[in-house]
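> Input: one structure, supplied below.
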Amino acid sequence: MTHRRTIVAGNWKMNLDRAKARDLAAAVAARAAEAGTTELVLCPPAVYVETVAAALGGSSPVALGAQNMHDHSSGAFTGEVAPPMLLDLGCRYVILGHSERRTLFGETDAVVNAKTRAALAAGLTPIVCVGETLEEREGGRTAAVVTTQVQGSLAGLTPTDLEKIVVAYEPVWAIGTGKVATPLQAQEVHALIRGLLGGLASPAVAAKVRIQYGGSVKPDNAADLAVQPDIDGALVGGASLKADDFLGIAKAFGV
Ligand code: PEP
């Protein structure tokens, strides 16, 4: 049993419409108790954050998050969304450095680092994503790649800041592919990440940081991941679009 509160976040990506976003949020909110002790986070497309906030209601136990943000708090950045804007709409979390942002939108570790610092400065909790590609895993480079991403994305954070963040280990080859990492493959990298956090701050700080696994998590594979000592929840893509599946995963991580 971990002393860290488990956290399961739904990354809706660029899916749903306004009515479906509202209905899904309302369904999750109505059944949030099924998640037991697990903290639930919904990350809708930015344009539906307000709709989802309204569907969750003011004192919902379900937290709200965004999928991305800019690192400046205002200015001439056409099309971008600033951290204080997300906070203003009720977001508490923001996913940063998702592999789709890294590969499709050219986000480097330096960019993720700037965004992570900006999120923390604004009072948002970043969910910082890292993970290797299939080619990197097959080339025996998983540890080196994840080490570079963790150290680069979290460079210069104080122990107090590090303690607040969530890290998501998402092997790129497992995202949206139906290929889930085995619990032992995932645990091995989670333990590596916790060790790296220990080096950036201290083992005591690292012991407080929640590390999610992401990559084709479903209700039927969540329980085997949940028993691993360093897996503290899941970042869920496809399965978060169905309340039954999302809550089934959250339940597997809760008590
Ligand atoms: C994700 O995009 O963060 C993700 C884990 O997706 P999926 O669950 O669909 O693999």
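> Give the residue, chosen from GLY215, GLY176, GLY254, GLY198, that is in contact (Cβ under 8 Å) with a residue 12 or more places away in the chain and more than 16 Å from the ligand (Cβ to nearest atom).
GLY254
> Pick from LEU184, LEU162: which is surrounded by 18 or more Cβ atoms within 10 Å (Cβ to Cβ), more than 16 Å from the ligand (Cβ to nearest atom) and of a type in the set (A, V, I, L, M, F, W, C)?
One residue alone meets the criteria, LEU162.
> Something else: For region 173-180, indicate whether the set of residues that are more than 23 Å from ASN113 (Cα to Cα) and within 16 Å of the chain's Cα centre (by Cα) is non-empty.
Within region 173-180, one or more residues are more than 23 Å from ASN113 (Cα to Cα) and within 16 Å of the chain's Cα centre (by Cα).
> Still on this structure, I have one more. When ALA118 is evaluated against the numbered criteria (1) surrounded by fewer than 15 Cβ atoms within 10 Å (Cβ to Cβ); (2) farther than 20 Å from GLN212 by Cβ, which criterion, by number, is the only one it fails?
(1) is the only condition that ALA118 fails.
Here, each number is a calculation from the coordinates, and none is a lab measurement. On a predicted model such as this, the values are computed, not experimentally measured, just so you know. FYI the Cβ positions are ideal-geometry reconstructions off the backbone, even for glycines, and counts take in every protein chain you see.
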